Amino acid sequence: MKLGTLILISMAAASLSSLLGAHEREDGHASTTNGRLESTAERAENPSVAPGLVSWHANRQAASAASARSGRPVLVFQLLGRLDEELC
Amino acid sequence: MSFSHPDFARFVAEHFEPTWESVRDVPQVTIDFGGGNVVRRTLHGNIATYICLADGTVVDVIAGVYDRRAYRGRLQVAAGFATEIAALPRGYRVAEIRRYHASQLARLENSRGAGRVDARKRVLEVPLEELMAKRPALATGVTKLRIEDSVETLVTRGHVNALPVIPGVQVLDDRPLRSFDLSLDTANNERERRPRVHRLLAAEVRPTVSGLTKRIYRDVLGTDLDDPLLGLGQTLFENYPFGR
């Protein structure tokens, strides 16, 4: 196999890997149940949207740590689906 | 959605440290009408809002979808209650949370047994009398404690200003309600789900989000998170001739 072909295959693999890893969000939000990997292709059918105008902590632990500093209580908003998807 | 409303978002930022989490995928229905006409909707979704102390102790749960004004009212009461609980020595907090929810459950059940004319007044006045006796500072308006009231009264009255003025009770918003789109959901939450929340939290020895989630969804919201079909299996397949 030629070197150029190998490079192209590697690049394609890296792209697919990043797509499959797309659900590992920087903000840390993830489903708490089945841990199923969702490809960006699947998620594209349910477009991403901004989760309102609220500035959300990444998880309960971060919110609790902020609460200990600020004195404000923690608000945990639970839902079926994702708040940052159009269909939720 | 409430969280997209600037004033509401500001209110949340000023009073809470918020986070959101998904409990499972939401069921989606796709109807293909042909000719490129496709409609997608979600099915059987529901929400629960937990108000917690910094150590994760849950002080209250708002179960179900509320219209924005009622939701804000509930959150405001819960924030005040959380502040009171946080001020207690750690060993007294859960007992006070349980006592509070037991007393609120008793009041709701008693007020529904009262005559129609007096029910709303009783829900307002009984908590005020007790609070005045226990917390004299309320008489001077020093504290910002919100007195829990049936939000149903706000919805059914249709105008917050129609409520009697009570010293120490802050009117949350004096604008007329503009939309009753979620009023039925709100009323149902207050009438049916709120007592279930009170009953659950009155008995909970270690109220945490993790410990409460499945029971909140199953026993309060009627959604069994462990059921792959979320309770819709019978509806979908009982009379379906072609099997699964």
Quiz item: Among the numbered criteria (1) open to solvent by 30 Å² or more (accessible area, probe 1.4 Å); (2) modelled with pLDDT under 95; (3) within 9 Å of another protein chain (Cβ to nearest Cβ), which single criterion is violated by A:Asn46?
Solution: (1)
Quiz item: Does the range B:11-30 hold any residues that are at the interface with chain A (Cβ under 7 Å from one of its Cβ atoms) and under 17 Å from A:Glu85 (Cα atoms), and which are they?
Solution: B:Thr19, B:Trp20, B:Glu21, B:Ser22, B:Val23, B:Arg24, B:Asp25, B:Val26, B:Gln28
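Counting only residues that are of a type in the set (A, V, I, L, M) and away from chain A (no Cβ under 12 Å), how many does the range B:51-76 have? I'd like the intermediate steps shown before the answer.
Filtering the range B:51-76 down to residues of a type in the set (A, V, I, L, M) leaves B:51, B:53-54, B:58-59, B:61-63, B:65, B:70, B:75.
Then keep just the ones that are away from chain A (no Cβ under 12 Å); that gives B:70.
The total comes to 1.
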Quiz item: Among the listed residues B:Phe8, B:Phe3, which satisfies the condition of being more than 7 Å from chain A (Cβ to nearest Cβ), closer than 17 Å to A:Ala50 by Cα, under 21 Å from the mean Cα position of the chain (by Cα) and not in a loop (DSSP other than H, G, I, E, B)?
Solution: B:Phe8
Quiz prompt | Enumerated strands (runs of 3 or more DSSP E) restricted to the range B:20-80, each holding at least 3 residues that are buried (at least 20 other Cβ atoms within 10 Å of the Cβ) | solution = B:47-52, B:58-63
Quiz item: Exactly one of (1) over 15 Å from the mean Cα position of the chain (by Cα); (2) within 12 Å of another protein chain (Cβ to nearest Cβ); (3) not aliphatic (A, V, I, L, M) is unmet by B:Phe33. Its number?
Solution: (2)
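The values are calculated or read from the model by the stated rules, or taken from the named source; none is laboratory data. This one's a predicted model, so the numbers in the text were calculated from it and none came from an experiment. Backbone-built Cβ (ideal geometry, glycine too); neighbour counts: all protein chains shown. These accessible areas exclude ligands, DNA and RNA; they are computed on the full protein's heavy atoms, side chains included. Shrake-Rupley method; radii C 1.70, N 1.55, O 1.52, S 1.80 Å.
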